[in-house]
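Take a look at the structure set out below.
The values are calculated or read from the model by the stated rules, or taken from the named source; none is laboratory data. Worth saying up front: this structure is predicted, and the values here are computed from it rather than measured. Glycine also receives a Cβ, built like all others from the backbone with ideal geometry; neighbour counts cover every protein chain displayed. The protein model used for the area step is the full one, side chains on, heavy atoms only, and it has no ligands, DNA or RNA in it. Shrake-Rupley method; radii C 1.70, N 1.55, O 1.52, S 1.80 Å.
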Amino acid sequence: MEKIIEQFPIVFQALNSGFLQTLKLFCTTLLGALPLGLIIAFGSMSKFKPLSAVVRTFVWIIRGSPLMIQLLIIYYFPGLVWNNPIWGSGENGRFLAATVAFIINYACYFSEIYRGGIQSIPVGQHEAAQVLGMSKGQTFFRVILLQVVKRIVPPMSNEIITLVKDTSLARIIALHEVLFTGENFLTGSRGIAGEVWPLFFTGVYYLIFSGLLTILFNKIEKKLSYFKV
Amino acid sequence: MAILEVKDIHKSFGKTEVLKGISFSMEEGQVLSIIGSSGSGKTTLLRCICFLESADTGKILLDGAPLFDGDAPPLKPAAQRHLQTKIGLVFQQFNLFPQYNVLDNVTLAVKLRAKERPDFKKNRKQIYAEIEEKAKVLLAKMGLSDKLENYPCELSGGQQQRVSIARAMALEPKILFFDEPTSALDPELTGEILKVIRELAAEHMTMVIVTHEMNFAKEVSDHIVFMDHGVIAEEGRALDLFENPQTDRLKAFLSSHN
C-alpha cells in the first residue's frame, strides 16, 4: 500500500496525459463521425439504387468486421503494401490513422441510427409540411430533424458510451492513450516496472468519463421531454 | 367560373384502378361533401387534388389554373409550392408538429413563406408580429385562446384538430379540404369540430369535406358527391340526394348509414 502511495503521483501524471490522448481521439471521432454518419444515412436511403447498394455494402463491411482489424489495416496497409507510409511516424501518425479508422467505423454505426430515426417519423409529418407549402429543406430542418434527434438520443448515448471504451483499441497500434500508458508500468516506465495496478486503475478513468456522459445524455433527454413523438 | 374543376381523373396503384374517371366542379363559397364507403376512392381523390398523389390522366383546375394536367409535363417544385398554399388540407390524424406549441404550429409555415417577401429583411419584426396577431385571431375563433403556449401532446384530439384547422386557414387558402376530420376522434369530441366547420360554412369558406357523418353532410353541404368503386355514382344538391336518392347503390349506402 505504501508503495502505491509513493508511486501514485508519477502514475497519476502519466495516466492523465494518456487520458488526454484518449479524450482527443474521442472528440475528433465524434466531430467527424456525427456529420459523416448523416451523409452515409442519406446515401443508404437514396432512391438511386446503385448508390444505396454500394453504401449499404460498405456499412455491412465496416460493421461486420472488428474495429481492431480495421485499425491495423488502416495503419499498416499503406506502409507495408504500398511502400508508402502516408501516416508519418511517431505518435502523430498513429493518432491520425486511429482517428480515420474510428471516424469511418463510428460513422457507419451512427448512419444506421440516423436512418432508423428518420424513417420512424410518420409520413404525415412530411405531408403536413408539404401541404403548408414548405420546401424539402424547410421540412427536414424545421419539422423532421428535432423529432429525429429526440428519437435517437437513447441509441446514440449507448453508442457514444461504447466509443469511450473502444478508444482503448487504439492501443493495438501503440497509440499512447490511457490504457497503453497504464500497461507501460508493467514493462517499465518512469522508473516503475512490474506494477499491474496502474493498468487496473485506468478503468477508473473510463468509469468517471462514461458516468459524466450518462448525466449529460439524461439532461438532453429531459430537455427534449416537453414534446412527444 | 368554377373555383375547382376536376375533369376525368384516373388513378391506379399498380394494377388496381382506384379512380376511374372522376369529374365534378364547384363554385366559390360552396361546401361540397364527398361520401361513400371505405375504399371508394374518396381520400385518393382528395390527395390527388392536394399534390399528395399524382393522378395518371385528367385535369384539375383551381380558379382556372391547372393543379394537374395529364397532358402537360409535371409542375416545377416552385410552381407547385406556390399553388400548394392556395389549398389547405385538414388531415384525419391532425399531423400537428409535436415540437412546436399551438401558436408556432399555426405560424411556422406563414413565417417561412414571409421570408420570400422582398421587404422581409427590413420589416421582419413587424411582419412576424402581424402574422402572430392573425394567428391569435384565428385561434380565438377556434376557442383556443388559452392554449397558445401548449404543446400538441397536452391537448385533446378535438383541440388538436381545431389547431390543425387554424394552421390550414393561416395561409389564407382559397379552398379548404377535410379528409375525414372527425374519424380519429371520440364521438363526444366530433361535435366541436363540426361546429367549427359549420361556422366556416356560414362565412362562405369554400370547402370540400370527405366524411362519414351523414347528418352533418346533409346539413352543412350545398352539394354532395357520392363515390362508389372509383366512380361518382350520384351527385346533386344535398337535400335532394339524401331525401330522394336515385340509384340503388346510394339507397343501399344511405340505409346502411342510418
Nearest 10 degrees, 0 to 90: helix B:102-114 Cα axis against chain B principal axis: 90
Helix A:145-166: angle to the longest alpha-carbon principal axis of chain A, degrees 0 to 90, nearest 10? 20
Identify the GluC sites (Glu not before Pro) of segment B:18-125 meeting these criteria: DSSP loop state and at most 14 other C-beta atoms within 10 Å of the C-beta. B:GLU27, B:GLU28, B:GLU116
What angle, in degrees between 0 and 90 and rounded to the nearest 10, separates the Cα long axis of helix A:197-223 from the longest principal axis of the Cα atoms of chain A? 20
Taking only protein heavy atoms into account and a 1.4 Å probe, give the accessible area per residue of segment A:1-133 in Å². 54
Threshold 40 Å², segment A:127-148 residues less accessible with all protein chains present than alone (1.4 Å probe): A:GLU127, A:ALA128, A:GLN130, A:VAL131, A:LEU132, A:GLY133, A:MET134, A:GLN138, A:ARG142
Among the lysines, which fall within straight-line cross-link reach of B:LYS42, defined as a Cα-Cα distance under 24 Å, with same-chain neighbours fewer than 8 residues apart omitted? B:LYS7, B:LYS11, B:LYS15, B:LYS20, B:LYS59, B:LYS86, B:LYS174, B:LYS195, B:LYS218, B:LYS251
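As a test of the formula, what do you get for chain A when each DSSP H run with n ≥ 4 contributes -39,500 (n - 2.57) and the sum is divided by the residue count, at 222 nm and rounded to the nearest 500 deg cm²/dmol?
Counting only the DSSP helices, I get -26000 deg cm²/dmol.
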Which of A:ARG94, A:ARG142, A:ARG56 moves most in a GNM of chain A, Cα contacts under 10 Å? A:ARG142
What residue among B:LYS76, B:LYS147, B:LYS59 shows peak mean-square fluctuation when chain B is described by a Gaussian network model with Cα springs under 10 Å? B:LYS76
Looking only at B:LYS134, B:LYS15, B:LYS195, which one moves most when chain B is put into a Gaussian network model with springs between Cα atoms under 10 Å? B:LYS15
Using just the helices of chain B, give the 222 nm mean residue ellipticity in deg cm²/dmol: DSSP H runs with n ≥ 4 each add -39,500 (n - 2.57), and the total is spread over all residues, rounded to 500. -12000 deg cm²/dmol
So if R0 is 22 Å, what FRET efficiency would B:SER145 and B:GLU188 give, r being the distance between their Cβ atoms, rounded to the nearest 0.05? 0.50
Segment A:77-169: chymotrypsin sites (Phe, Trp or Tyr not before Pro) falling in loop per DSSP and having at most 13 other Cβ within 10 Å: A:TRP82
Direction-averaged shadow area of the convex hull around the Cα atoms of segment A:2-226, nm²? 15.7
Quick calc: nm separation of the 7 Å Cα→Cβ label points for A:LYS219 and B:SER12 -> 6.0
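Using a 1.4 Å probe, what is the accessible area per residue for chain B, in Å²?
Heavy-atom SASA per residue in chain B reads 46 Å².
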Restricted to pairs 8 or more residues apart or on different chains, the lysines in segment A:2-226 with C-alpha atoms under 19 Å apart form a number of pairs equal to 5
If you look at just the Cα atoms of the protein assembly as shown, how large are its Rg and its Dmax in Å? 31.0, 104
Expressed as a percent, the accessible surface of segment B:113-203 that is carbon or sulfur, using a 1.4 Å probe and the full set of protein chains, is 47
Classify chain B as rounded, prolate or oblate from the Cα gyration tensor: take a ≥ b ≥ c as the square roots of its eigenvalues, call it rounded if a/c is under 1.5, otherwise prolate when a/b beats b/c and oblate if not. oblate
Mean-position separation - Cα centroids, segment A:1-48 and segment B:110-148, in angstrom: 46
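Can you send over the carbon and sulfur percentage of the accessible area for chain A, probe radius 1.4 Å, protein chains only?
So the carbon and sulfur contribution to the accessible surface is 69 percent.
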Return the distance in nm (one decimal) between the two label points of a simple spin-label model at A:TRP197 and B:GLU28, each offset 7 Å from Cα along Cα→Cβ. 8.9
